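> Before I ask anything, here is the structure I am working with.
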Amino acid sequence: MANRGPSYGLSREVQEKIEQKYDADLENKLVDWIILQCAEDIEHPPPGRAHFQKWLMDGTVLCKLINSLYPPGQEPIPKISESKMAFKQMEQISQFLKAAEIYGVRTTDIFQTVDLWEGKDMAAVQRTLMALGSVAVTKDDGCYRGEPSWFHRKAQQNRRGFSEEQLRQGQNVIGLQMGSNKGASQAGMTGLLPLVLQVPHFR
């Protein structure tokens with residue numbers, strides 16, 4: 001992993017569990033989709049988590065990916081840098097994450113910058129890219145490139161329109177279900193008050 005020393009004790013155990021969640025088969029699918037989606041001459045990385053991380057960690061490919069999901073002229077990241085400076089690379093990752101959230105990826109599916117740049121949780125990076133692909137397929141706005149079956153289509157809200165007459169009928173049904181409150185009052189409750197006052201209180 002980049003820029004990190006060895007892990008010891010508990011932190012090493014946690015890191016191993018995180019790494020076990022990484023999916024090598026999913027990596028291949030994501031790489032194929034990103035290259036196809038960007039429609040540019042992007043070099044295919046060698047297989048493996050470390051290579052996948054190195055391929056994405058400067059933010060260049062990620063920014064090209066999110067831009068490709070918008071019509072020409074509407075790209076959210078107009079200037080993509082290929083700088084080797086660490087803070088520039090992390091800045092670009094952050095730009096991608098912000099753009100992905102605006103695009104429709106849930107906050108809970110967004111990885112942290114260090115997850116990618118330091119290779120702390122590449123499974124989280126995969127999760128974000130999968131969520132992005134799902135949103136793109138669901139939007140179905142002509143910008144997605146690839147097989148629709150590569151990603152799960154997200155459930156759409158099923159909004160139903162009711163006429164005023166239907167709403168009135170629904171209110172009548174609710175009223176009947178709740179029953180009648182005729183004859184009910186608080187009068188029968190007053191006799192309980194002295195009993196409540198007589199109950200001793202324990203502190």
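> Of H44, A99, L65, which is farthest towards the positive pole of the stretch 10-150's charge dipole, taken about the Cα centre with +1 and -1 on the beta-carbons of Lys, Arg and Asp, Glu respectively?
It is A99.
> On average, how much accessible surface per residue is there in the stretch 10-150, in Å², for a 1.4 Å probe, leaving out ligands, DNA and RNA? Kindly include the intermediate steps, with their values, before the conclusion.
Working: 7430 Å² over 141 residues.
Dividing the accessible area of the stretch 10-150 by its residue count gives 53 Å².
> Heavy atoms only, probe 1.4 Å: what % of the accessible area of the stretch 10-150 goes to carbon and sulfur, would you let me know? If you can, show how the numbers build up before the last one.
Values: 3810 of 7430 Å².
Percent of accessible area from carbon and sulfur atoms in the stretch 10-150: 51.
> Give the residues of the stretch 103-139 whose amide nitrogen is closer than 14 Å to a point set 7 Å from the Cα of S94 in the direction of its Cβ.
112-115, 117
> While we're on this one: Which value, in Å³ per residue, describes the convex hull spanned by the Cα atoms of the stretch 10-150? Each step should come with its number before you reach the end.
Values: hull volume 15.6 nm³, N = 141.
Normalising the Cα hull of the stretch 10-150 by residue number yields 111 Å³.
> On full extension of the chain, what length is gained from Q74 through H51, given 0.36 nm per residue of separation minus the C-alpha to C-alpha distance? If you can, show how the numbers build up before the last one.
Values: separation 23, 0.36 × 23 = 8.28 nm, distance 3.08 nm.
Here the answer is 5.2 nm.
> Order these peptides, 71-78, 137-144, by their mean beta-carbon neighbour count within 10 angstrom, highest first. Mind showing how you got there, number by number?
On the way: 71-78: 11.6, 137-144: 13.9.
For the peptides 71-78, 137-144, the packing ranking is 137-144, 71-78.
> When only C-alpha pairs under 8 Å and at least 6 residues apart count, what is the relative contact order of the stretch 10-150, in percent? Mind dumping the intermediate values first?
Values: 155 pairs, mean separation 38.0, N = 141.
Dividing the mean separation by the residue count of the stretch 10-150 yields 27 percent.
> Set the Förster distance to 41 Å, then compute FRET efficiency between E147 and I102 from the Cβ-Cβ distance, nearest 0.05.
Values: r = 25 Å, r/R0 = 0.62.
So the FRET efficiency works out to roughly 0.95.
The values are calculated or read from the model by the stated rules, or taken from the named source; none is laboratory data. On a predicted model such as this, the values are computed, not experimentally measured, just so you know. Note: ideal-geometry Cβ built from the backbone for every residue, glycine included; neighbour counts use all protein chains shown. Remember, those area values only see protein heavy atoms, side chains included, never the ligands or the DNA or RNA. Shrake-Rupley method; radii C 1.70, N 1.55, O 1.52, S 1.80 Å.
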